[in-house]
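Reading through the C-alpha cells given below for one structure.
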Amino acid sequence: MIESYTMINNIDNKTIKEIKTISLSMFRKGFFSIFSGAISCKLNENKFIINKSGAIFDDISPESLVVLSHKRNYSWNDASTHADIHSYIYKEISEAKCIAYTLPSFSIAYSISHFKIIPQDYYGYINFKEIPIYDPKEYSSWRERADVEICNFFKQNNINFMVIKGYGIYAYSRDLAQLAKTIDMIENSVKILTLHNLENTIFRYKVEATNPDLF
C-alpha cells in the first residue's frame, strides 16, 4: 500500500488533476454513478493509472487512484474491476492514451430496443452519421469476454467508442477532454432522439384522440 501511494505521488500532478477534473465533469453529467464506471490514463508502455474499486467519481484524489503494470501484482486487488479491460486495450491499441467506461442513462435505455443510433441533430450527424450498438448477448458471461470483444470491436470498426446494449459506453482517446466530448455528444444525440420520438408520440396521441378516423 505504501509503495502504491509513493508511485501515485511520483505521477505528474497534471495527469491526476486532469483525471479529477474530467471525472467530476462526467459525474455531474450522469456518466458515472457513485461507484460505477472507470477512467484511466496510460503512463508508458508498461503502466497505466486507473481509479480504485471504491472510488467516488465526484471526489477523485491520489488516494482514489492506483498505478498498475500490465503484469498482475498485489496492486490489482485495489483497482477497478475494469482494469483488465483497460490493460488489454492499452496493449492492443497504441493510439489509446486514456480510456473510460461510462453509464449515460439515455444511451443505455435507447440501446436496449435499438440496433443502431442515427443522430438527427447537427453535431451528432456531422461527427457520427451512424452509431452501431453492440449486443453482448449473455450478460452472465460478458465480464469474461469483454476485454477481447471490446478491443476487437474497436479494431474491426476503426472507431474509438462502443455503445454496448444495456451496459454503457466504452471509449478511448489521445486525451481525456476529447474522450469526454465524444461520450457527451453521443449521449446528447440520443437524448435529442428520445425527446423527439416522445414529442411525435404525444402529437400522434392527441391527433388520434381528436380525429380517430385519420388512423
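Throughout, read-outs are computed from the coordinates displayed, never taken from laboratory work. Every value quoted in this text rests on a predicted model; they were computed, and no experiment measured them. Here the Cβ positions follow ideal geometry from the backbone for every residue, glycine too, while neighbour counts run over all protein chains shown.
Could you put K47, K42, K181 in order, starting from the residue whose Cβ has the fewest other Cβ atoms within 10 Å?
With the sparsest Cβ surroundings first, the list reads K181, K47, K42.
Would you order Y125, Y134, Y139 from fewest to most other beta-carbon atoms within 10 Å of each residue's own beta-carbon?
Sorted ascending by nearby Cβ count, the order is Y139, Y125, Y134.
Which is farthest toward the positive dipole end of the chain among V66, S107, I183, measuring Cα position about the Cα centre, with Cβ charges +1 (Lys, Arg) and -1 (Asp, Glu)?
With unit charges placed on the Cβ atoms, the residue in question is V66.
Check L65: other-chain or 5+ apart residues with amide H under 5 Å from its amide H, H built from backbone geometry?
Under 5 Å from the amide H of L65: K52.
In debye, nearest 20, what is the charge dipole magnitude of the chain about its Cα centre with +1 on Lys and Arg Cβ and -1 on Asp and Glu Cβ, if you could check?
Values: 24 positive and 24 negative charges, 50 e Å.
The dipole magnitude comes to about 240 debye.
Between T194 and L24, how high is the FRET efficiency from 1/(1 + (r/R0)^6) when r is the Cβ-Cβ distance and R₀ = 22 Å? Nearest 0.05.
Here the calculated transfer efficiency is 0.30.
Taking the alpha-carbon centroid of each part, what is the distance from the stretch 66-80 to the stretch 100-140 in angstrom?
What the calculation gives is 31 Å, centre to centre.
Calculated from the structure, P(r) over Cα pairs in 10 Å bins from 0, in percent equals which of [x] 8, 29, 27, 18, 14, 3, 0; [y] 8, 32, 33, 16, 6, 3, 1, 0; [z] 7, 26, 21, 13, 15, 12, 4, 0?
[y]
Helix hunt in the chain: which complete DSSP H runs extend at least 30 Å axially by C-alpha with mean Kyte-Doolittle at least 1.6? The partial results should precede the final answer.
Details: long enough: 176-210 (51 Å, 0.09).
The qualifying helices: there are none.
Work out the length of the dipole vector of the stretch 68-178 about its Cα centre, built from +1 on the beta-carbon of each Lys and Arg and -1 on the beta-carbon of each Asp and Glu, and round it to the nearest 20 debye.
Its charge dipole is roughly 140 debye.
May I ask you to work out the translational diffusion coefficient for the stretch 101-202 at 25 °C, viscosity 0.890 mPa s, via Stokes-Einstein with Rh from the Kirkwood sum over Cα pairs, reported in whole µm²/s?
Details: Rh = 14.1 Å.
It diffuses with D of about 175 µm²/s by this estimate.
If I build a Gaussian network model for the chain, linking alpha-carbon pairs within less than 10 angstrom, which residue out of L176, L68, L195 has the largest mean-square fluctuation?
L195
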